[in-house]
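Visitor: Mind having a look at this structure? Questions to follow.
Values quoted throughout were computed directly from the atomic coordinates according to the rules given, and no laboratory measurement underlies them. In this text the structure is predicted, and so the values were computed from the model without any measurement. Neighbour counts are summed over all protein chains in view; Cβ atoms, including those assigned to glycine, are modelled from backbone coordinates with ideal geometry.
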Amino acid sequence: MDKIREILGEIGLSSYKIETYLALLKIKSGRIQEIAKVSKVPSCKLYENLRWLHENGYITIISQKPLSYRANDPKSIIKTEIERRKEKLEELNKGLDKFELNLPVAEKEIIQITTTREAYFKKIKESVRGSKQSISYIAKHWRVDSELVALLGKKTKEGVAVRALGPINSEDKSKIDWLKNAGVKIKNFEPKETHFAIYDGAIVVISLRSGDKKSDYSAIWIKSEVLGKILGDYFDVLWGMSRHG
């Protein structure tokens, strides 16, 4: 039940709708009074949530007098909802190609901070999308997902030079091969100090992680051509000293 609750929440159902559905799922079928006994939903909200669940195919009516409901198969419902959202997202994605996206221009010297995985990856992808010439970064852990690798592959095909320094080991071999196949040039390097990334010599990302925690995504972001030049020169020195894995 906890897993079903979590998934239904992820696909956007309100807590009252979820608890109403789960209550009916527990008893399989029943009248409103029976559902109310096991539900955490206030009675005044139960009727409207049952109506919504019925109209959207989560439950069915099995008797009018007295009015009784039955829960539909949660696995089938969730799969249907996922497919519906995939179709909707695909429509939205196609719509993006029909107009130009004016990405907000990063203000010089303004520091931005990210602390979560989701925020970190969104900001990384924004920086990759905006890159026209070069991307250079030092990685302590190879943090990638399919969308990021696809974006990097697109940029290398457009002529953007993408270089990465990081530990080449058996643990991360699949991720490293994934990046190499996307056109990213990689050399073996064990970062002992702060690791960073530079986009077009101006957008700088500096890790704020302490220790060796892979789950820590804290980082600062700043647009500074001066800092970009300093770190860019430092990266070039490290690149020249490092070897291909």
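Visitor: Using only Cα atoms and rounding to the nearest 10 degrees, what angle (0 to 90) does helix 117-130 make with the longest principal axis of the chain?
Guide: Taking Cα atoms only, the helix is inclined about 50 degrees.
Visitor: Okay, next question. Hey, what angle do you get for helix 225-241 against the long axis of the chain, alpha-carbon based, 0 to 90 degrees rounded to 10?
Guide: The two axes meet at around 70 degrees.
Visitor: Note down the nm distance, to one decimal, between modelled labels 7 Å out along Cα→Cβ at LYS37 and at THR115.
Guide: Placing both labels 7 Å along Cα→Cβ, they lie 4.7 nm apart.
Visitor: What percent do you get for the relative contact order of the chain when only Cα pairs under 8 Å and 6+ apart count?
Guide: It rounds to 16 percent for the chain.
Visitor: A further question follows. For the residue pair ALA161 and THR194, what label-to-label distance in nm results when each label sits 7 Å from Cα along the Cα-to-beta-carbon direction?
Guide: In this crude label model, ALA161 to THR194 measures out at 2.5 nm.
Visitor: Taking the Cβ-Cβ separation of LYS45 and VAL149 as r and a Förster radius of 51 Å, what is the calculated FRET efficiency to the nearest 0.05?
Guide: 0.70
Visitor: A follow-up question, please. Sticking with the crude label model, points 7 Å out along Cα→Cβ, report the distance from ASN169 to ASP2 in nm, one decimal please.
Guide: 3.2
Visitor: Which value in deg cm²/dmol, rounded to the nearest 500, describes the helix-derived mean residue ellipticity at 222 nm for the chain, given -39,500 (n - 2.57) per DSSP H run of n ≥ 4 and division by the residue count?
Guide: Helix contribution divided over all residues of the chain: -15000 deg cm²/dmol.
Visitor: For ALA161, what residues show an amide H to amide H distance below 5 Å, using hydrogens built from the backbone and excluding near sequence neighbours?
Guide: Amide H neighbours of ALA161, under 5 Å, 5+ apart: SER134, ILE135.
Visitor: Can you spot the lysines whose alpha carbon is less than 17 Å from LYS45's alpha carbon? Ignore those fewer than 8 places along the same chain.
Guide: Cα-Cα hits under 17 Å: LYS17, LYS37.
Visitor: Cut-off 15 Å, label point 7 angstrom out along Cα-to-Cβ of ILE82: give me the residues of region 1-43 whose amide nitrogen falls inside.
Guide: Residues passing the 15 Å test: 3-12.
Visitor: Quick one: Debye curve from the alpha-carbon atoms of region 113-215 only, equal weights, vacuum; give me log10 I(q)/I(0) at q = 0.22 Å⁻¹ to two decimals.
Guide: Those come out to -1.36, one per q.
Visitor: Please get the size of the charge dipole for the chain, origin at its Cα centre, with Cβ charges of +1 on Lys and Arg and -1 on Asp and Glu, quoted in debye to the nearest 20.
Guide: Roughly 680 debye, rounded to the nearest 20.
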